[in-house]
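I have placed the structure first, in the form of structure tokens, so that the comments after it can refer back to it.
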Amino acid sequence: MNENMITIHLIEDEAYKTAVTPQSAWITVVQEGTSDLPSIHPQLDQAIVDLQQKKMFTGKLKQFRLFPTYGLIAADSIVYAGIGSDMMDTHAWRMIGVKMGREAMQHELTTLQVTDLSHLMSQATEEIIPMLAAFVEGLQLGQYEIKSYQKDASPSVKLHTVTIDLSGSTHDKVALEQKLTYALTLAKGTNYARDLTNLPGNKFTPEMFAEEAVRLAKQHNFSYEILDEQQMKQKGMGGVLAVGQGSANPPRMITLQYQGDPNSDDVIALVGKGITFDTGGISIKPNAGMAEMVSDMGGGAVVLGVMDIIGKSLPKKNVIAVIPAAENMPSSTAYKPGDVITTLSGKTIEVLNTDAEGRIVLADAMTYAKQLGATKIIENSTLTGAVLVLLDHVATGAVTNNEAFWQDFHEATKYSGEKVWLMPSYEELRKKLKSDVADINNSPGRGGSMITAGLFIGEFAEGTPWIHLDTGGSSWLNQQSDIDPKYATGAMVRTIAAFIHP
Ligand code: BES
Ligand code: ZN
Ligand code: ZN
């Protein structure tokens, strides 16, 4: 193998590589408006020159042309991919990575070589790493495919090996290989969260969620604890118990612990809503769109996705994961509007709407995270439909009690390219959480309801720096985007991971 080549493995399994029919492609990235077109092979080069002259290929972002090579080069196909006018735009590289990952599945490609990067190679290593990392991350994200339960379904052929031709550069191969492998790890963690989020409610109950968390913990040597109803009762986790009490599938409190810095008392807690199905309970939801509520454990799935990345990249930080898992059902044993619940913190909640169940299970999870030593909390949840009204499926909405923590966290989006927007924590809105009979009410009305939902959870942070991420819009798409597939997106996995391990 050429010493200017970097090889990375999207699939490690050697048996897969030999079982699958080999189909290779080269991809070359073309900048918009350049006269300096790639030189791969004279006849292939001519084809792209012709297209350019007819203005059918300009190098515009996401423009793709795939040709068979008829044996002219050592690959079955050649792909010309437009990157737009800015060769140094990470988001553009990620988008064409995703597009290439999708095309690869369509054409059953098993290996890909990125070639003729001469434009990029003249840049310094620090400059090109983010571009190539974003591309590789995109490739893996683009290879995501939702599990099918159709009788004769078989998964698509996947890319297993990608090589990058670094000819013309003096880049540190080892450092580059490490960064690219980390980019793959980020994407795999995201795809894992997508898989869990897409699981139907009958295939992912709170108990199954707990089993999955234990499997992950064993894989990465995390310590773990699963609390059942008896144990939760003993501790006084009245919130999770109330929300879960209407279901034949009992609730669980799931915690994982990773100690990457034993000499430090700093502990980042990742808290994620784990409602495996949300019917709304007695305040039942209308039927239209209810099936989407299989994704109401998306926050918990994101937490496991990040923990998977942590288990592979071993950052020098202490991290705990806390996932309150429950199924919100209407039944003769279900909790009801008007009920008053005592949470783990001792604070009482007046239930005005059983469909605002996320904040109730999260109240216990926040307190438990603090009991386990959390000094910072990142909590992410499909908490409201209101965030969808504010930001559509485009961005995650945020609420915080600590501006400095938020600034730090927000830096990580520069790498991930994910959009997060901070909402104001107005005192007028916090007052709406008051109750006549309890410490707090769970449904203060329509006005500002994305913010009041966040502020409710903030009451249980009790001064510990905390960021709330409402993925009620960003965690689920009804049609694929440039980065994310249809249905579960795994939004926030890459940003949270990038914050923990920059
Ligand atoms: N899981 C939902 C929020 C949701 C709705 C996420 C649609 C994604 C898409 C949450 O439990 C809920 O039902 N929230 C209510 C709260 C209201 C009753 C105070 C909402 O947002 O309408
Ligand atoms: Zn609900
Ligand atoms: Zn919910």
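The values are calculated or read from the model by the stated rules, or taken from the named source; none is laboratory data. Given the structure is predicted, the values throughout are model-derived calculations rather than measurements. Don't worry about glycine lacking a Cβ; one is built from the backbone with ideal geometry, like all the others, and counts go over all protein chains shown. These area figures cover heavy atoms from the full protein model, side chains too; ligands, DNA and RNA do not enter into them. Shrake-Rupley method; radii C 1.70, N 1.55, O 1.52, S 1.80 Å.
Which is open to solvent by less than 10 Å² (accessible area, probe 1.4 Å) and among the acidic types (Asp, Glu), of 137, 126?
Values: 126 fails: open to solvent by less than 10 Å² (accessible area, probe 1.4 Å).
From the options 137, 126, the qualifying one is 137.
Quick one: in segment 257-296, of everything that is among the small types (Gly, Ala, Ser) and away from ligand 3 (no atom under 12 Å from the Cβ), which residue is surrounded by the fewest Cβ atoms within 10 Å (Cβ to Cβ)?
Filtering segment 257-296 down to residues among the small types (Gly, Ala, Ser) leaves 260, 264, 269, 272, 274, 280-281, 283, 288-289, 291, 295.
Going one step further and asking which of them are away from ligand 3 (no atom under 12 Å from the Cβ), we end up with 260, 264, 269, 272, 288-289, 291.
On the way: 260: 15, 264: 12, 269: 27, 272: 32, 288: 7, 289: 10, 291: 11.
The residue in question is 288.
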So residue 299 fits all but one of (1) open to solvent by 30 Å² or more (accessible area, probe 1.4 Å); (2) within 16 Å of ligand 2 (Cβ to nearest atom); what number is the exception?
-> (1)
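I'd like to check something: does segment 305-326 contain any residue that is charged (D, E, K, R) and within 16 Å of ligand 2 (Cβ to nearest atom)?
Initially, segment 305-326 is screened for residues charged (D, E, K, R), giving 308, 312, 316-317.
Pick out the ones that are also within 16 Å of ligand 2 (Cβ to nearest atom) and you get none.
No, every residue in segment 305-326 fails to be charged (D, E, K, R) and within 16 Å of ligand 2 (Cβ to nearest atom).
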Looking at segment 186-278, what strands (runs of 3 or more DSSP E) fall wholly within it and have at least 2 residues that are polar (S, T, N, Q)?
-> 252-259
Residues (free of Cβ contacts under 8 Å to residues at least 24 places away in the same chain and more than 28 Å from residue 89 (Cβ to Cβ)) located in segment 14-38 = 14, 15, 18, 19
Taking segment 172-204 and keeping residues farther than 23 Å from residue 144 by Cβ and either assigned by TED's automatic domain parsing to the domain that holds residue 142 or open to solvent by less than 10 Å² (accessible area, probe 1.4 Å) (or both) leaves 176
Those residues that are without any contact (Cβ under 8 Å) to a residue 12 or more places away in the chain and either small (Gly, Ala, Ser) or over 30 Å from residue 141 (Cβ atoms) (or both), I need them from segment 414-435; list them, please.
-> 427, 428, 431, 434
How do the strands (runs of 3 or more DSSP E) wholly within segment 321-387 filter down when requiring 2 or more residues that are open to solvent by 10 Å² or more (accessible area, probe 1.4 Å): which remain?
-> 340-342, 348-350
Of residues in segment 279-305 being assigned to a loop (DSSP other than H, G, I, E, B) and more than 8 Å from ligand 1 (Cβ to nearest atom), the one nearest to residue 189 (Cα to Cα) | 279
Helices (runs of 4 or more DSSP H) within segment 395-502 that include 2 or more residues open to solvent by less than 30 Å² (accessible area, probe 1.4 Å), within 16 Å of ligand 2 (Cβ to nearest atom) and within 26 Å of residue 261 (Cα to Cα) = none
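State whether the residues of segment 374-396 include one that is hydrophobic (A, V, I, L, M, F, W, C) and either outside the structural domain of residue 473 (by TED's automatic domain parsing) or more than 30 Å from residue 190 (Cβ to Cβ) (or both).
Taking segment 374-396 first, the residues hydrophobic (A, V, I, L, M, F, W, C) are 374, 377-378, 383, 386-391, 394-395.
Checking the rest, the ones that are also either outside the structural domain of residue 473 (by TED's automatic domain parsing) or more than 30 Å from residue 190 (Cβ to Cβ) (or both) come to none.
No: zero hits.
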May I ask you to list pairs of residues, at least six apart or on different chains, whose Cβ atoms are under 6 Å apart, with the first in segment 351-371 being within 10 Å of ligand 2 (Cβ to nearest atom) and the second being open to solvent by 10 Å² or more (accessible area, probe 1.4 Å) and not aromatic (Phe, Trp, Tyr)?
-> 353/283; 353/443; 354/282; 354/283; 355/283; 356/443; 358/383
Per the filter on segment 304-352, residues farther than 15 Å from residue 240 by Cβ, within 16 Å of ligand 3 (Cβ to nearest atom) and touching a strand residue (DSSP E or B) at 6+ places or on another chain (Cβ under 9 Å) are 352
